[in-house]
Amino acid sequence: MLLSAAAGTALLAGCSTPPQPDDAAIPVAVTAAPVMAATAPSKDNQILMAARQFVFRARNEACLLTGTAFAVDGTIITNRHVAAGADQMDLATWDGDDFEASATLHSDSDDLARMDALAPDDTEASLATSDPTSGTKVWVAGYPEGDQLTVTGGRVLGSIPGAQFGLAGQILEISDHIEHGNSGSPLLESDGDVVGVVFAVDLASGDGLAMPASTLQSFLNESGDNLSLPCAM
């Protein structure tokens, strides 16, 4: 599944058969060493605990795709290529609480889609007021391969034009390890604010690609009706 053969990027929605709604909840294993009472938890664990409240596993049953979605600014965000081809999306919390979301708007210029849903918890992420700079420590929170919620740490490597990937504006290159299923994952700063949305991997370098907070903010300001799109290839 390529965004552009020339650009050499791979979309990150999983292509295997997605988990079924009645599957048993997958327990989340925190792999860090046990935290002593007098020791502060690791930043990875802090980010994971916060992400549990607003990051969801996304299933596009119409196109047999799995990805990630998250709640921010009164709506739920994922990638356009994750939501394409479906009017309804099946979402699940980290502990297996399923709910449905309706796709309401796809971006014309970026790989973003908006959904409406009544989530089990009304907690949502905060959107950063500025884009991260090179060297900023960032975490990707999502469901690689449609499995359990995980967070992976890395850094912003730089900002490059999105035109080579068919997108408007600038995009972020990140060192975080990401996999299929991470499409739509929020990119989080150390304070937990969303500074980007993951959408692909650069096949040449292996670096992750994400749209910055400013692009997401512009999309959140848009209005319109959902467009009927075919399943992403």
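The values are calculated or read from the model by the stated rules, or taken from the named source; none is laboratory data. Nothing here was measured: the structure is a model prediction, and the numbers come from that model. Every residue, glycine among them, receives a Cβ derived from its backbone with ideal geometry; neighbour counts consider all protein chains shown.
For this structure, a couple of remarks:
- Residue 10, sole failed condition from (1) among the hydrophobic types (A, V, I, L, M, F, W, C); (2) over 24 Å from residue 165 (Cα atoms); (3) at pLDDT below 95: (2)
- Selection within region 147-174 - buried (at least 17 other Cβ atoms within 10 Å of the Cβ), modelled with pLDDT of 95 or more and either in contact with a Lys or Arg (Cβ under 9 Å, 6 or more places away or on another chain) or assigned to a loop (DSSP other than H, G, I, E, B) (or both): 149, 153, 154, 156, 174
- Out of 119, 50, 103, sole residue that is over 12 Å from the mean Cα position of the chain (by Cα), assigned to a loop (DSSP other than H, G, I, E, B) and over 20 Å from residue 175 (Cα atoms): 119
- The residue pairs whose first member lies in region 94-114 and is in contact (Cβ under 8 Å) with a residue 24 or more places away in the chain, whose second member is in a strand (DSSP E or B) and among the β-branched types (Val, Ile, Thr), and whose beta carbons are closer than 7 Å, counting only pairs six or more residues apart or on different chains, are 101/76; 112/77; 112/197; 113/78; 114/75; 114/77; 114/104.
- Residues of region 195-231 satisfying the condition of being of a type in the set (A, V, I, L, M, F, W, C), surrounded by fewer than 16 Cβ atoms within 10 Å (Cβ to Cβ) and farther than 19 Å from residue 108 by Cβ: 203, 204
- Of the residues 51, 69, 92, 128, the single one that is out of contact with any Leu (no Cβ under 8 Å at 6 or more places or on another chain), of a type in the set (A, V, I, L, M), under 22 Å from residue 191 (Cα atoms) and at pLDDT 95 or above is 128.
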